[in-house]
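Peer 1: Sending over a structure as structure tokens; questions will come in a sec.
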Amino acid sequence: MTQANSVFKPSSAAPDTTGQGTTQLKAPYLIYFGDVPKHGYAKTGLGLIHWRRERCAGQMRRDGCVVDGGLPDMDIAEAVKAGARSIVIGVASPGGPIPAPWLHDLADAARAGLDIVSGMHARLADFPELVDAARESGAHLVDIRAPSKDFPVGTGIKRSGKRLLTVGTDCAVGKKYTALALEREMRKRGWDADFRATGQTGIMISGSGIAMDSVVADFLSGAAEQLSPNAGPDHWDVIEGQGSLSHPSFAGVSLGLLHGSQPDALVLCHDPSRDYLLGFEERGICPIQPLMEAMEQCLIFARRVNPAARFVGISINSSSFADPDHKRLVRQFADETGLPVADPVRDGVSAILDHLEKESF
């Protein structure tokens, strides 16, 4: 995949091993879930396990962890014995801090020679105990969420090629999974397509991209433009969405990405099990938007930069529903929107691509 930007700027001494502005993470990985309290915050680890299972040796969990990625539970010594070479923080919590109780585990891993890989906003090199531990063994501290170059402001100038952007009714509803599944199916059909990662997990999975939520706000749309540069007339860039336009905490990155991507096609991602936006459940505020309302909101801004933008499908996360309820939801949302509806894990995305193929882009 040719990319106009570097992937990320590793902290400490993690080397550029490809000569192309990318840093190769050392596999196998020990996925560190700590004491994560919600599945929605564990999307980094769960995403790596789903898409790159062959690179994952095991998982490490503290008391109170509610997530099980289905990997063998290991401590540091067991992980080293199993051949692990990196410990990957599998959590993406609001604000991206690294909790103090985790530092002991991470320092032990570094002293044992494991690279520490983080997608948090907090920088690993800002923790002296991690720096000292890595120095003892020669381990690397690798920050994925670190923009590696300066970006211009967005221009709004239309680019060649075709673009599909996944958007959501909330955070952590399957935008990355959907984009990866769409790119994989496009390639199976012989289409010219690339996945464009915009978050730490997508970057870890694909090896390139821009962590959009770490770009200074004024330059978000410009970074999105550089993420998906001019391409051939039949080339599709499948762009991983971020956040949600309706989320009070994370709408900024969603809007910048929507403007900079200039999508031709959009797929709305939705988790039918949620009544309120992630992080607002306990307060009972900020209910999830109805699908048609969310689509209309996205199209207002998408058509500012691409008047021809339109939705081509609905992607749902139905993992918490039994088969009869899943099928009912598919029918319900299809009737409501007039679009194909699919769970990318459960159903695949062929129905969405069949519809996209019939559309004129």
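The values are calculated or read from the model by the stated rules, or taken from the named source; none is laboratory data. Keep in mind it's a predicted model, so treat the numbers as computed, not measured. Reconstructed Cβ throughout: ideal geometry from the backbone, glycine too, with neighbour counts over all protein chains shown.
Peer 1: Just for the stretch 176-191: of the residues that are in contact with a strand residue (DSSP E or B) (Cβ under 7 Å, 6 or more places away or on another chain) and without any contact (Cβ under 8 Å) to a residue 60 or more places away in the chain, which one is surrounded by the fewest Cβ atoms within 10 Å (Cβ to Cβ)? Walk me through how you get there before you give the answer.
Peer 2: Within the stretch 176-191, the subset in contact with a strand residue (DSSP E or B) (Cβ under 7 Å, 6 or more places away or on another chain) is 178-180, 182-183, 186-187, 191.
After this cut, where a residue has to be without any contact (Cβ under 8 Å) to a residue 60 or more places away in the chain as well, the list is 183, 187, 191.
Numbers: GLU183: 23, ARG187: 15, TRP191: 18.
Of everything passing the filter in the stretch 176-191, ARG187 is surrounded by the fewest Cβ atoms within 10 Å (Cβ to Cβ).
Peer 1: Identify, please: which residue in the stretch 117-144 is out of contact with any Leu (no Cβ under 7 Å at 6 or more places or on another chain) and of a type in the set (Gly, Ala, Ser) and is, among those, nearest to GLN200 (Cα to Cα)?
Peer 2: So, considering only residues that are out of contact with any Leu (no Cβ under 7 Å at 6 or more places or on another chain) and of a type in the set (Gly, Ala, Ser), the one nearest to GLN200 (Cα to Cα) is GLY119.
Peer 1: Next question. Here are ILE314, ILE352: which of them is among the β-branched types (Val, Ile, Thr), in contact with a Leu (Cβ under 9 Å, 6 or more places away or on another chain) and in a helix (DSSP H, G or I)? Lay out the reasoning, then the answer.
Peer 2: Working: ILE314 fails: in a helix (DSSP H, G or I).
Being among the β-branched types (Val, Ile, Thr), in contact with a Leu (Cβ under 9 Å, 6 or more places away or on another chain) and in a helix (DSSP H, G or I) holds for just one of ILE314, ILE352, which is ILE352.
Peer 1: Taking the residues in the stretch 103-149 that are part of a loop (DSSP other than H, G, I, E, B) and farther than 18 Å from TYR32 by Cα as candidates, determine which candidate is modelled with the lowest pLDDT.
Peer 2: Within the stretch 103-149, the subset part of a loop (DSSP other than H, G, I, E, B) is 112-114, 119-123, 127, 138-140, 144-149.
Retained after the next criterion (residues that are farther than 18 Å from TYR32 by Cα): 138, 146-149.
Details: GLY138: 96, ALA146: 79, PRO147: 69, SER148: 65, LYS149: 71.
Restricting to residues being part of a loop (DSSP other than H, G, I, E, B) and farther than 18 Å from TYR32 by Cα, the top hit is SER148.
Peer 1: I've got another one for you. Looking at (1) under 17 Å from VAL349 (Cβ atoms); (2) modelled with pLDDT of 95 or more; (3) out of contact with any Gly (no Cβ under 8 Å at 6 or more places or on another chain); (4) surrounded by 24 or more Cβ atoms within 10 Å (Cβ to Cβ), which is the only condition VAL173 fails?
Peer 2: That leaves (2) as the condition not met.
Peer 1: Which condition breaks for CYS269 when tested against (1) in contact with a strand residue (DSSP E or B) (Cβ under 9 Å, 6 or more places away or on another chain); (2) without any contact (Cβ under 8 Å) to a residue 40 or more places away in the chain; (3) not aliphatic (A, V, I, L, M)?
Peer 2: Checking CYS269 against (1) in contact with a strand residue (DSSP E or B) (Cβ under 9 Å, 6 or more places away or on another chain); (2) without any contact (Cβ under 8 Å) to a residue 40 or more places away in the chain; (3) not aliphatic (A, V, I, L, M), the one that fails is (2).
Peer 1: Does GLY222 satisfy the condition of being in contact with a Phe, Trp or Tyr (Cβ under 6 Å, 6 or more places away or on another chain) and of a type outside the set (Lys, Arg)? Before you say what the answer is, go through the steps one by one.
Peer 2: Details: in contact with a Phe, Trp or Tyr (Cβ under 6 Å, 6 or more places away or on another chain): yes; of a type outside the set (Lys, Arg): yes.
Criteria met by GLY222.
Peer 1: Here are GLY174, GLY161, GLY168: which of them is in contact with a Cys (Cβ under 9 Å, 6 or more places away or on another chain) and at positive phi? Outline the logic, then answer.
Peer 2: Working: GLY161 fails: in contact with a Cys (Cβ under 9 Å, 6 or more places away or on another chain); GLY168 fails: at positive phi.
GLY174 is the lone residue from the list that is in contact with a Cys (Cβ under 9 Å, 6 or more places away or on another chain) and at positive phi.
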